[in-house]
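Participant: Supplied in C-alpha cells, the structure appears directly below.
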C-alpha cells in the first residue's frame, strides 16, 4: 500500500475518516475561524489584518498537550509543517494536567515544557492543548488560575503562543469558566492567541460519545484548525537566513 502524503492526510475528509452521517447537518467546518479574538492584538479577526502587518511565520514549533493532542499527533504535525514550520518537539500524554503530576510517572504540562527547554530546544511557537483534565478534575478556579500562570511562566516571553481552548460536553459551566480564564490570562501577553476548539467541537461527528475525545474526523479538524491559525495569524513563511 502506498503511504499517504501529509497533504493527502489533511485534504480529506476521506471515507475512512467519516463517521456515520450526523443527525443534523454539520457546520461548514472550513468557514469556522480557528482564532478566537486574537488576544494581545486589536479585537478583530486576523483575516482582516493586512499580511504585511502580521508577525513573521515562526520557523519552529513545540506542541504540549493531553490525550486529545496525542490522538491527533500525525495530522497536527502535518498541518503545522505544511505551513513551513518545523515541529521540533511534540509531547502529549493521556490524563495530563497543566501543573499537577499524575500517577505512574505521568508528567504535568509544566514539566513537559521544562523537558523541551532542558533539551536546549528553542521553539519559536508553542502550541499548548491543556486544560481538559483540569476541567474534569473539578479544580477550583483560584488553583486553575495559578496553574495557567505556571504554564505561561515556563514559556519564554519572546515566543509565540497558541493555546487551544477546551470542550467537555457534560461540564459546560466549568469548561466555559476555564476558557474565559485562558482568554483573560493571555490578553496581556504579546503574540498569543486562543484557538477556538470549543466552537468547532460542537459540530456533529467530531467527538466520540464520551463528550471529550476525538473521532478520526475530529482529529482531522483539530489539526486543520491549527493550520488555519498559522495562516490567519502570521505572514508568509520567512527564510531561515532572514535576520
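Participant: So which residues in region 83-99 are touching a helix residue (DSSP H, G or I) at 6+ places or on another chain (Cβ under 7 Å) and buried (at least 16 other Cβ atoms within 10 Å of the Cβ)?
Facilitator: Step one: of region 83-99, the residues touching a helix residue (DSSP H, G or I) at 6+ places or on another chain (Cβ under 7 Å) are 83, 85, 87, 89-99.
Those that are touching a helix residue (DSSP H, G or I) at 6+ places or on another chain (Cβ under 7 Å) and buried (at least 16 other Cβ atoms within 10 Å of the Cβ): 83, 85, 87, 89, 90, 91, 92, 93, 96, 97, 98, 99.
Participant: So, one more: Which of (1) over 15 Å from the mean Cα position of the chain (by Cα); (2) within 22 Å of residue 223 (Cα to Cα); (3) at pLDDT 95 or above is the odd one out, the single condition residue 120 does not satisfy?
Facilitator: Among (1) over 15 Å from the mean Cα position of the chain (by Cα); (2) within 22 Å of residue 223 (Cα to Cα); (3) at pLDDT 95 or above, residue 120 violates only (2).
Participant: For region 169-190, give me each residue that is in contact with a helix residue (DSSP H, G or I) (Cβ under 8 Å, 6 or more places away or on another chain) and either under 12 Å from residue 136 (Cα atoms) or loosely packed, with under 13 Cβ neighbours inside 10 Å (or both).
Facilitator: 171, 174, 175, 178
Participant: Another question, if that's okay. Only one of these is within 14 Å of residue 126 (Cβ to Cβ), in contact (Cβ under 8 Å) with a residue 60 or more places away in the chain, in a helix (DSSP H, G or I) and within 17 Å of the chain's Cα centre (by Cα): 230, 220. Name it.
Facilitator: Details: 220 fails: within 14 Å of residue 126 (Cβ to Cβ).
Being within 14 Å of residue 126 (Cβ to Cβ), in contact (Cβ under 8 Å) with a residue 60 or more places away in the chain, in a helix (DSSP H, G or I) and within 17 Å of the chain's Cα centre (by Cα) holds for just one of 230, 220, which is 230.
The values are calculated or read from the model by the stated rules, or taken from the named source; none is laboratory data. Because the structure is predicted, anything quoted here is derived from the model rather than measured. So basically every Cβ, Gly included, is an ideal-geometry build from the backbone, and we count neighbours across all protein chains shown.
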